[in-house]
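Beneath this line is the structure, given in structure tokens, with notes to follow.
The values are calculated or read from the model by the stated rules, or taken from the named source; none is laboratory data. A quick note: this is a predicted structure, and the numbers were derived from the prediction, not measured. Here the Cβ positions follow ideal geometry from the backbone for every residue, glycine too, while neighbour counts run over all protein chains shown. Only protein heavy atoms, including side chains, enter the accessible area calculation; ligands, DNA and RNA are left aside. Shrake-Rupley method; radii C 1.70, N 1.55, O 1.52, S 1.80 Å.
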Amino acid sequence: MLFSYNWIRELVPGLDQPAESLERLITIKTAECEGIERTGALLETACAARVESVEPIPNSHNAKAVVDAGRYGIRTVACGAPNCRVGVITAYAPIGKKVIAGIESDGMLASAAELGINKDHSGIIELDSQVGAPLAGCLPDSVIEIDNKSITHRPDLWGHFGMAREVAAITRCRLVDPVRMDLLPAGPPAIRVEIEDADLCPRYSALVFEGVTVRPSPEWLQCRLTAIGLNPISNIVDMTNFVMAELAQPMHAFDLDKLHGDTIFVRRAKPGERFRALNGEEYTLDPSNLVIADAAGAIGLAGVMGGLDSAIGPETRRVVLESACFHPGSIRKTAAALKLRTDASMRFEKAQDPANTVRGIARAIEVLRDISPRIRTVGGVADQKEDVDPPAAIVLRLEWLERKLGRAVAAAEVQDILERLHFGVEEPTPGIFSVTVPSWRATKDISLPDDLVEEVGRMVGYDSITPAAPLVPSAVPPPNPERRFQHEVRNVLADLGFTEVYNYSFLSEEAARAFGFDPAGHVRVLNPIASDQVLLRESLLPGIWKNILENSKHRDQFRLFEIGLEIHKRYEGLPEEVPHAVAAIYDRSGDGAAGLFELKHAALALLPDLVVEPVEAAPYEHPARSANLVAGGERVGRLFELHPSLIETGRAAVLDLDLHLLEVQGAAAVKYTPVRRYPASAFDLSVIAGEREYASRLESAIASFGGPLVESVAFVRQYSGPPLEAGRKSVSFRLTVGSPERTLSSEEVADVRARVIEGMRGLGYELRV
């Protein structure tokens, strides 16, 4: 949200703090500021100048122009603008001398974009002004940027007058109200308003104008809007944006001659109703959308955007000015559903003050008289509203406030602070205040004594409160085994060099289909925050896949992991949430085998009893590199390499673990094994097998032939190449044999070795011994 320092100073005329000091004050006491941007630097010295002569410069797109710059005298400048011609009055800026195309250019003729008036840089600005005069109402400005998230609870702060009210309270300066309510015309309205549901539209005000001339806004208005990030369009449209930026009251103007009938209806959209918006798009609406309609159909999407069929154009002569208040939830849902977030919808979502609608119209009347002199009102204001009782006064006890705040505050200071913030304050009993909340703070902001404590605290300054730990009982929280286990998993993976990532729990239909998942089987989000986040994930794989794709653009190797919930749809009740951990290793070079072994090692570090069982690959897995991870006869995870079609370059190995099953298997009772008393013996065997033979199968076969004296069979290495035949490999294992009761004799060890060799040869394998 952008705020003009010049605009605030107009509303707080006694303000003498520079913009930098004001930014800090606002941050400390009201809302977080993110910086200051200077705009319109050339306006400080620019003035109107008349072009006296123009001569082309040989071999250059520039021309030599002689201008009468009034107070700066006659100046010669080089100018390349296509509209630089004799007699035109434009803006001259004395920026110093510079040689351009062999011509000494003394200053420059500026475009509106260079001056900061608007974004038009197609040529120099053309003015209707006295030579030598400054550009009326156009001054350099300091624009303060405020974090929107820090004012979501303050609808009044979405306009300059609300921020000026805060500044006046902070600095103890006088506040000037720009609204003249006496300008509202009396008499019967020239247009009728009917509201179908007052809950969705508590108030709708409208006023008819005639004698309208649609033309560009004066430079001061364009400059004011451009400084705060709004694009000037025309005087009528710019007026509505000006009032919105000043009073936080969104407004809209309809071309009266394009409307059907004499009544404006505020109603729910009909099922399948079509609406053409100002952005040129056509939308299909449903009853959850609130519309502004005439006798023929929808002419505006309430609180979001006006309609193209009733838009203001060069031929407009009569307008209906709308100023309304809508239910914040309704506007938010409509804007999200249609993916149509606008400046108006952002303000209506914050619960606007219904009293502000007629104030907006009164301010519009004054501005329109300045920018469209022939305009005049027709009839009185059509004002339909629901009468609502004002909120009850809040009882605030001084003793309670001091205890909550953590410091003493004099009763007079409390009253002074609240009154500066425009609260009504009475003290019927010493130390007990009865506080009336102003309408612009009563929508969804101030309703409890605790809210008033915050108001007093921020104004006295939180830095004036001595930090002290709260006197509350301290108790150890109950154990959470699941959380502790996930911390252990996180620590193991981090120790193995993996970097943790966090992804949204949402994904797009395209991402689901990329992994062969049916979008219909997912839980669908009713009001997604983005078009690519419409489903709740039933797997962490699409998220880690996107992480791999993005990081592979910048790194040749990396390791990532994520711990999160899979969300599975159930036909009855709430969805099932299953904790999972997904780890991935990416390598731009190599055959990818190392990544699979590293992930297997990570899985075994979490549960040593895991068994790897090769299985048929899923559509998103490498056809020859996929396996289940099994513990206690139950599948607890998956180890695989991503299908080459999902990775542009390199290889990506992935480990997917069900943390709930992993925790259950890991919690099994551990049997104590005493320290070995007798030495063990070990020997190596190498088995010649087919290139696609799984090492785990060879390992199982060896263990089965070894008998009870075999304590372990461990994979050592794998070799392929000469002198082995093509398509063959040598897989080496280390067998450890021993007994807890005695030291084995050499004959017993040799017997075990012979049984293994004989058994493997019986299965058709050749052994290198």
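Among residues belonging to region 373-409 that are more than 39 Å from the chain's Cα centre (by Cα) and basic (Lys, Arg), point out the one that is modelled with the lowest pLDDT.
The extreme case among them is Arg374.
Please find, among Glu246, Glu282, the residue that is without any contact (Cβ under 8 Å) to a residue 40 or more places away in the chain and among the acidic types (Asp, Glu).
Glu282
Pick out the one residue from Thr736, Thr743 that is within 22 Å of Pro674 (Cβ to Cβ), under 60 Å from the mean Cα position of the chain (by Cα) and surrounded by 12 or more Cβ atoms within 10 Å (Cβ to Cβ).
None of the others qualify; the one that does is Thr736.
Taking interchain pairs and intrachain pairs at least six residues apart, which have beta carbon atoms under 7 angstrom, with the first residue in region 750-769 and touching a residue at least 12 places away in the same chain (Cβ under 8 Å) and part of a helix (DSSP H, G or I) and the second of a type outside the set (D, E, K, R) and open to solvent by 50 Å² or more (accessible area, probe 1.4 Å)?
Partner pairs satisfying both residue conditions: Arg755/Phe705; Val756/Phe705; Ile757/Val769; Gly759/Phe705; Met760/Phe705.
Residue by residue, here is whether (1) free of Cβ contacts under 8 Å to residues at least 12 places away in the same chain; (2) assigned to a strand (DSSP E or B); (3) open to solvent by less than 10 Å² (accessible area, probe 1.4 Å); (4) of a type in the set (Asp, Glu) holds:
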| position | (1), (2), (3), (4) |
| --- | --- |
| Glu194 | no, yes, no, yes |
| Asp197 | no, no, no, yes |
| Cys201 | no, no, yes, no |
| Tyr204 | no, yes, yes, no |
| Arg215 | no, no, no, no |
| Asp238 | no, no, yes, yes |
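Between a first residue in region 513-530 that is among the basic types (Lys, Arg) and a second residue that is surrounded by 12 or more Cβ atoms within 10 Å (Cβ to Cβ), which pairs have beta carbons less than 8 Å apart while being 6 or more apart in sequence or on different chains?
Going by the 8 Å Cβ cut-off, the qualifying pairs are Arg513/Pro519; Arg524/Val534; Arg524/Leu535; Arg524/Leu536.
Just for region 671-717: of the residues that are in a strand (DSSP E or B), of a type outside the set (Val, Ile, Thr) and touching a helix residue (DSSP H, G or I) at 6+ places or on another chain (Cβ under 7 Å), which one is farthest from Arg742 (Cα to Cα)?
Ala689
Collect the residues in region 109-145 that are of a type in the set (A, V, I, L, M) and farther than 30 Å from Trp158 by Cα, keeping them in residue-number order.
Leu109, Ala110, Ile124, Ile125, Leu127, Val131, Ala133
Okay, residues lined up against (1) acidic (Asp, Glu); (2) open to solvent by less than 20 Å² (accessible area, probe 1.4 Å); (3) farther than 25 Å from Thr39 by Cβ:
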{"position": "Asn59", "(1), (2), (3)": "no, no, yes"}
{"position": "Val77", "(1), (2), (3)": "no, yes, no"}
{"position": "Arg85", "(1), (2), (3)": "no, no, yes"}
{"position": "Pro94", "(1), (2), (3)": "no, no, no"}
{"position": "Ala110", "(1), (2), (3)": "no, yes, no"}
{"position": "Lys119", "(1), (2), (3)": "no, no, no"}
{"position": "Gly132", "(1), (2), (3)": "no, yes, no"}
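What's the number of the condition Ala627 fails, among (1) under 30 Å from Ala520 (Cβ atoms); (2) open to solvent by 20 Å² or more (accessible area, probe 1.4 Å)?
Only one criterion in (1) under 30 Å from Ala520 (Cβ atoms); (2) open to solvent by 20 Å² or more (accessible area, probe 1.4 Å) is unmet by Ala627, namely (2).
In the list Arg268, Arg318, Arg341, which residue meets the criterion of being free of Cβ contacts under 8 Å to residues at least 24 places away in the same chain, open to solvent by 40 Å² or more (accessible area, probe 1.4 Å) and on the phi < 0 side of the Ramachandran plot?
Arg341
Going through region 142-171 one residue at a time, which ones are farther than 23 Å from Ala442 by Cα, open to solvent by 10 Å² or more (accessible area, probe 1.4 Å) and of a type outside the set (Ser, Thr, Tyr)?
Glu145
For region 645-662, name all the residues that are under 18 Å from Ala627 (Cβ atoms), open to solvent by 30 Å² or more (accessible area, probe 1.4 Å) and not in a strand (DSSP E or B).
Listed by number, the list holds a single entry, Leu661.
Tell me, which strands (runs of 3 or more DSSP E) lie completely within region 254-310 with 3 or more residues that are of a type outside the set (A, V, I, L, M)?
Ranges flagged: 263-268, 274-276, 282-284.
Pairs, please: C-beta under 6 Å, at least 6 apart or cross-chain, first residue on the phi > 0 side of the Ramachandran plot and in region 596-609, second at pLDDT below 95 and open to solvent by less than 50 Å² (accessible area, probe 1.4 Å)?
Sorted first by the residue in region 596-609, then by its partner, the list stays empty.
Out of (1) modelled with pLDDT of 95 or more; (2) not in a loop (DSSP other than H, G, I, E, B), the odd one out for Pro185 is which?
That leaves (2) as the condition not met.
Just to be sure before I move on: is Leu135 under 29 Å from the mean Cα position of the chain (by Cα) and assigned to a loop (DSSP other than H, G, I, E, B) in the structure I sent?
Answer is no for this residue.
Assess whether Glu562 counts as being touching a strand residue (DSSP E or B) at 6+ places or on another chain (Cβ under 9 Å), closer than 18 Å to Leu541 by Cβ and loosely packed, with under 14 Cβ neighbours inside 10 Å.
Against the criterion (touching a strand residue (DSSP E or B) at 6+ places or on another chain (Cβ under 9 Å), closer than 18 Å to Leu541 by Cβ and loosely packed, with under 14 Cβ neighbours inside 10 Å), Glu562 does not qualify.
Filter region 584-601 down to residues that are assigned to a strand (DSSP E or B) and out of contact with any Asp or Glu (no Cβ under 7 Å at 6 or more places or on another chain) and give me whichever is farthest from Ala494 (Cα to Cα).
For region 584-601, the residue satisfying everything is Asp587.
Out of everything in region 489-511 that is modelled with pLDDT of 95 or more and among the charged types (D, E, K, R), what residue ends up being most open to solvent (accessible area, probe 1.4 Å)?
Checked region 489-511; the qualifying residue most open to solvent (accessible area, probe 1.4 Å) is Asp495.
Return the only residue of Leu540, Leu607 being modelled with pLDDT of 95 or more and under 21 Å from Gly497 (Cβ atoms).
Just one listed residue meets the conditions, Leu540.
Among Ala253, Ala186, Ala248, Ala227, which is open to solvent by 30 Å² or more (accessible area, probe 1.4 Å) and not aromatic (Phe, Trp, Tyr)?
Ala186
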